[in-house]
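Below is one structure; the comments refer to it alone.
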């Protein structure tokens, strides 16, 4: 499969934003520096692959965590574990939300209760948003 | 799969991960070591890459050439790759910049060295194996 060169690179806008988050306000990043960091990021992913080589057929979260240790990036392990938990909570929330929507959809087939369930939907959306705010991941300090 | 350029999802909440997962997957699949990746591993790899980018940028900035503190330059990065053990795997892709004339001189000197070695290398005798 032929891959275009840009496909193996990460988008400039996102890379730039991530870099800016790590540096004090007002610091400029030269174009060369940005592109170098982008290349470094791709190499990092490849090095990560290599560290996970041959572990099992389908790589999972704990493979990534042990690869970090192997590459001597232990400092990443804790923030990664936090991110994993937040991700799992988010996925669980989404699953519950879609199951709830399904239940509501079944309710709606009853013509008399149509207005009532629309109000209930709004209430549930608000509750879900509140939960997500509480579960928000904090910024990582370096 | 949603590409996260804006950094926020549909509800306006900040995303866990900014880098596009589809792109991370493409990079991972480009090497034969990896056959398949589960979704969590993909998210964690993306997040780890972000942490790495920040770590590299912050370290390079801190170690940067004293005067110009308002910018992060290529040289800052290249120096960091050379000097810090953590980033040494990047040394090849972040080489120091040198003038073409200097590089030519280096090549010439190396060629001269190689020639010298070849001249003095014929001291060995034939087989000394006992039968």
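The values are calculated or read from the model by the stated rules, or taken from the named source; none is laboratory data. On a predicted model such as this, the values are computed, not experimentally measured, just so you know. Backbone-built Cβ (ideal geometry, glycine too); neighbour counts: all protein chains shown.
For segment B:29-84, what are the residues that are surrounded by fewer than 18 Cβ atoms within 10 Å (Cβ to Cβ), more than 22 Å from residue A:69 (Cα to Cα) and within 7 Å of chain A (Cβ to nearest Cβ)?
Within segment B:29-84, B:30, B:70, B:71 meet the criteria.
Residue A:16: at the interface with chain B (Cβ under 7 Å from one of its Cβ atoms) and either modelled with pLDDT of 90 or more or under 22 Å from the mean Cα position of the chain (by Cα) (or both), yes or no?
When the stated conditions are applied, residue A:16 does not pass them.
Being surrounded by fewer than 18 Cβ atoms within 10 Å (Cβ to Cβ) and within 17 Å of residue A:83 (Cβ to Cβ) is the filter here; which residues of segment A:18-64 pass it?
A:21, A:60, A:62
Search segment A:80-102 for residues that are within 11 Å of another protein chain (Cβ to nearest Cβ) and pair each with any residue that is surrounded by 14 or more Cβ atoms within 10 Å (Cβ to Cβ) and not in a helix (DSSP H, G or I) when their beta-carbon atoms are under 6 Å apart and the residues are at least 6 apart or on different chains.
A:83/B:16; A:86/A:137; A:86/B:16; A:87/B:16
Looking at residue A:24 and the list (1) farther than 16 Å from residue B:90 by Cα; (2) part of a helix (DSSP H, G or I); (3) at pLDDT 90 or above, which single condition is not satisfied?
Result: residue A:24 fails condition (2) only.
Pick from B:45, B:49: which is in contact with a strand residue (DSSP E or B) (Cβ under 8 Å, 6 or more places away or on another chain), in a helix (DSSP H, G or I), under 26 Å from residue A:91 (Cα atoms) and at pLDDT 90 or above?
Working: B:49 fails: in contact with a strand residue (DSSP E or B) (Cβ under 8 Å, 6 or more places away or on another chain).
After ruling out the rest, the residue left standing is B:45.
Looking only at residues that are in a helix (DSSP H, G or I) and under 15 Å from residue B:32 (Cβ atoms) in segment A:38-74, which one is farthest from the other protein chains (Cβ to nearest Cβ)?
The residue in question is A:51.
Only one residue in A:79, A:5 is over 20 Å from residue B:77 (Cα atoms) and at pLDDT 95 or above. Which one?
Working: A:5 fails: at pLDDT 95 or above.
Result of the check over A:79, A:5: A:79.
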